[in-house]
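Derivation of every value follows stated rules applied to the coordinates shown; laboratory data play no part. Because the structure is predicted, anything quoted here is derived from the model rather than measured. Cβ coordinates were reconstructed from backbone atoms using ideal geometry, including for glycine residues, and neighbour counts include every protein chain displayed.
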Amino acid sequence: MDIRKELEKRILVIDGAMGTMIQRHRPTEATYRGERFKDWPCDVKNNSDLLNLTQPDIIEGIHRQYLEAGADIIETNTFAATTIAQEDFKLEDYVHELNVQGARLARRAADDYTAKNPSKPRFVAGAIGPLNRTLSLSPDVNNPGYRAVTFDQVAQAYKEQIKGLVEGGVDLLLIETIFDTLNAKAAIYAARNFFRENNLPQLPIMISGTITDASGRTLSGQTLEAFYISVMHANPLSVGLNCALGASEMRPHIEELSQIAACYVSAYPNAGLPNAMGEYDEAPEQTGHYLEDWAKEGWVNIVGGCCGTTPDHIRHIAEHVKTIAPRKLPVVETVL
């Protein structure tokens with residue numbers, strides 16, 4: 001299956017929020033621990049990636065709900081499955097298993113749905129999150145030059161994650177919710193090294209940043225154009241935006257990206273902005289209309305949802321864009 005062939009034909013739909021769906025199960029500390037980690041020495045509640053091992057039926061069930069709703073691409077439940085992020089839970093030694101199992105759960109669900117309808121192949125994206133430590137910013141306001149982690153440490157953590165995702169059978173890698181481009185560059189570097197060192201063909205890479213506020217910049221201060229230029233050396237399958245903003249706030253940024261990107265463009269916004277309780281109120285029909293508008297403008301190739309979105313949101317998005325032609329890749333002039 002070649003995802004590029006599908007992207008030439010139609011707008012592809014990526015899935016929605018994993019965390020939102022997990023919370024529908026009202027998980028407790030015991031849910032996260034399961035039988036295997038019932039005596040673990042520290043709390044593990046809200047470690048969603050651990051559910052790959054302790055509650056695999058919940059995770060695979062969520063994947064299947066999104067596939068049933070019309071998703072072409074599902075993300076592995078591995079957003080924080082790195083040694084750096086799992087250090088908070090003392091679970092660094094389980095990172096490889098978390099990624100392999102996360103990939104296998106998504107792979108099994110995707111293959112089942114592809115078998116049901118071979119004309120609509122489903123793809124698995126290995127989700128690689130931004131980490132809870134940043135290379136560009138100091139966590140100490142009194143020492144701007146201090147960093148809590150080094151580039152090599154970040155790259156090594158990402159390489160270990162990528163190894164597990166590839167072993168588990170992902171079709172592509174998704175470096176997402178990027179607020180610090182230097183972290184993303186470490187992930188790109190890690191991917192390149194992993195495939196070269198293991199004599200494996202490089203999987204396509206999707207890159208998705210996040211604009212954190214009305215300034216139109218990432219948290220580390222880059223404009224959207226600067227962000228795009230910073231990651232284009234990876235020759236990504238797609239560049240896009242996700243999280244932080246709802247669709248109405250993300251609109252001008254997607255328009256700008258569609259005009260400068262030489263690759264495919266992805267967009268998966270939140271279900272609006274969070275309310276006072278931290279919940280998302282935007283109805284599936286509203287989200288579907290927003291993304292239909294972007295599709296009609298010719299701005300997007302891959303659409304879906306982030307925080308607060310559900311299979312209902314994905315179903316509406318898929319329905320709204322199914323007859324609209326995908327954004328055409330621009331002809332890029334080469335300067336000799």
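Above 24 angstrom, tally the Cα pairs of the chain and express them as a % of all pairs, no decimals.
Numbers: 29845 of 56280 pairs.
Counting pairs separated by more than 24 Å, the tail of P(r) holds 53 percent.
Taking θ as phi - 60°, what are the ³J(HN,Hα) couplings along the range 153-158 by the Karplus curve (6.51, -1.76, 1.60), each to the nearest whole Hz, with x for Gly and Pro?
Residue by residue, the range 153-158 yields 5, 5, 4, 5, 4, 5 Hz.
Cα-Cα pairs above 26 Å in the range 167-314: how many percent?
Details: 2819 of 10878 pairs.
Distances greater than 26 Å cover 26 percent of the Cα pairs.
Sorted from largest down, give the three principal axis spans of the alpha carbons of the range 189-273, whole angstrom values.
44, 24, 23
Can you pull the one-decimal nm distance between simple spin-label points at residue 92 and residue 213, each 7 Å off the Cα toward Cβ?
Rounded to a tenth, the inter-label distance reads 3.4 nm.
Calculate one ³J(HN,Hα) per residue across the range 287-294 by plugging θ = phi - 60° into the Karplus curve 6.51 cos²θ - 1.76 cosθ + 1.60, and present them in order as whole Hz with x for glycine and proline.
Working through the residues one at a time gives 4, x, 5, 4, 6, 4, 4, 4 Hz.
Show that you can apply the helix-only estimate: for the chain, add -39,500 (n - 2.57) for every DSSP H stretch of four or more residues, divide by all residues, and state [θ] at 222 nm to the nearest 500.
-13000 deg cm²/dmol
Would you mind ranking 13, 239, 149 so that the residue whose beta carbon has the fewest other beta carbons within 10 Å leads the list? Show your work: numbers first, answer last.
Numbers: 13 27, 239 24, 149 17.
Ranked by crowding around the Cβ, least crowded first: 149, 239, 13.
Work out the charge dipole of the range 177-295 with +1 on the Cβ of Lys and Arg and -1 on the Cβ of Asp and Glu about the Cα centre, then indicate which of 283, 199, 178 is farthest towards its positive end.
Of 283, 199, 178, it is 199.
Give me 206, 232, 277, 21 sorted ascending by neighbouring Cβ count inside 10 Å, so fewest comes first.
Placing the least packed residue first, the sequence is 277, 232, 21, 206.
Suppose we keep just the DSSP beta bridges with both residues in the range 213-336; what percent of those would be antiparallel, to 5? If you can, show how the numbers build up before the last one.
Numbers: 2 of 10 bridges.
Percent antiparallel among DSSP bridges in the range 213-336 is about 20.
Excluding residues on the same chain fewer than 8 positions from residue 322, give the aspartates and glutamates whose Cα lies under 13 Å from its Cα.
6, 72, 292, 293
For residue 269, what charge total do you get from the other residues with a beta carbon under 10 Å from its beta carbon, if Lys and Arg give +1 and Asp and Glu give -1?
-1
Where in the chain is the longest stretch that carries no GluC sites (Glu not before Pro) classed as loop by DSSP and with at most 15 other Cβ atoms within 10 Å?
The segment 36-278 is the longest one with no such site.
What are the residues whose amide H is under 5 Å from the amide H of residue 217, where those residues sit 5 or more places off or on another chain and H is modelled from the backbone?
212
Under the rule that an exposed site lies in a DSSP loop and has at most 14 other Cβ atoms within 10 Å, name the longest stretch of the chain with no trypsin sites (Lys or Arg not before Pro) of that kind, not counting the sites themselves.
91-321
Does the range 1-131 classify as rounded, prolate or oblate by the C-alpha gyration tensor (a ≥ b ≥ c root eigenvalues; a/c under 1.5 gives rounded; else a/b over b/c gives prolate, otherwise oblate)?
Prolate.
Please arrange 320, 96 by counting, for each residue, the other beta carbons lying within 10 Å of its beta carbon, fewest first. Please report the intermediate quantities before stating the final value.
Numbers: 320 23, 96 17.
Exposure proxy ranking, most exposed first: 96, 320.
Indicate, rounded to the nearest 5 percent, the antiparallel portion of the DSSP beta bridges found entirely in the chain.
So the antiparallel bridges amount to about 5 percent of the total.
List residues of the range 179-196, by number, whose backbone nitrogen lies under 16 Å from a label position 7 Å along Cα→C-beta of residue 229.
181-182
On a C-alpha basis, how far is the centre of the range 99-162 from the centre of the range 170-191 in Å? Whole number, if you could?
Centre-to-centre distance over Cα atoms comes out at 7 Å.
For the range 311-328, what does the Karplus curve 6.51 cos²θ - 1.76 cosθ + 1.60, with θ = phi - 60°, yield as ³J(HN,Hα) per residue in whole Hz, taken in order and with x for Gly and Pro?
Each residue's phi maps through the Karplus curve to give x, 5, 4, 5, 4, 5, 4, 4, 5, 6, 9, 5, 9, 9, 5, x, 4, 7 Hz.
Please list the non-local residues whose amide H lies under 5 Å from the amide H of residue 309, H modeled 1.01 Å from N, same-chain partners needing a gap of 5 or more.
Residues meeting the amide H criterion: 17, 271.
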